[in-house]
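**Student:** One structure is given below, represented as structure tokens, and several questions about it will come after.
The values are calculated or read from the model by the stated rules, or taken from the named source; none is laboratory data. Keep in mind the model is a prediction, meaning the values are calculated, not measured. Cβ sites come from the backbone with ideal geometry, for glycine too, and all protein chains shown count toward neighbours. These accessible areas exclude ligands, DNA and RNA; they are computed on the full protein's heavy atoms, side chains included. Shrake-Rupley method; radii C 1.70, N 1.55, O 1.52, S 1.80 Å.
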Amino acid sequence: MHQPEDIKTAILGLPGRTLAAKLRQLMPDIDRRVREGVGHEEIVETLNRHGIEVKLETFRKYLYRYRKKAKSTEAALAPTEKQGASTRPTTAPVTVGKPDISPAPPISNKGDLAKARAVDFDLEQLAQAAKDKE
């Protein structure tokens with residue numbers, strides 16, 4: 001009976017696959033091993049011995065791209081609290097009377113931009129104010 005690694009090796013050995021495709025399939029295992037302390041040079045030597053010809057710098061670029069993509073995918077799937085986004089109430093705040101719609105102060109530096117982003121506004125109030133102006 002064949003072991004799963006034998007099948008994986010046999011499939012990786014099939015002609016017609018690009019280097020990128022072969023490495024993409026192995027990257028989760030490679031990344032885990034690198035994080036466990038295995039050196040890049042050792043992994044490149046192992047890949048080369050098993051028929052996947054890759055240079056050290058090329059390997060490092062693929063690993064960087066893999067981690068970058070994995071990180072962005074993880075961030076997209078994570079809840080908003082994990083991303084550090086502010087938690088806003090799901091219901092609109094109740095206000096009495098006309099909403100205060102004053103022109104925004106000019107943004108001249110990063111601090112002003114951060115303050116502008118932190119402003120919590122009610123879209124329903126803005127829509128109602130626009131209707132009232134008509």
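**Student:** Report yes if Thr58 is open to solvent by less than 100 Å² (accessible area, probe 1.4 Å) and farther than 18 Å from Lys8 by Cβ, otherwise no.
**Tutor:** yes
**Student:** Could you count how many residues in region 42-69 are over 15 Å from Asp31 (Cα atoms), over 26 Å from the mean Cα position of the chain (by Cα) and assigned to a helix (DSSP H, G or I)?
**Tutor:** Total satisfying the criteria: 3.
**Student:** Can you tell me which residue among Ser86, Ser72 is under 30 Å from the mean Cα position of the chain (by Cα) and modelled with pLDDT under 75?
**Tutor:** Exactly one residue qualifies, and that residue is Ser86.
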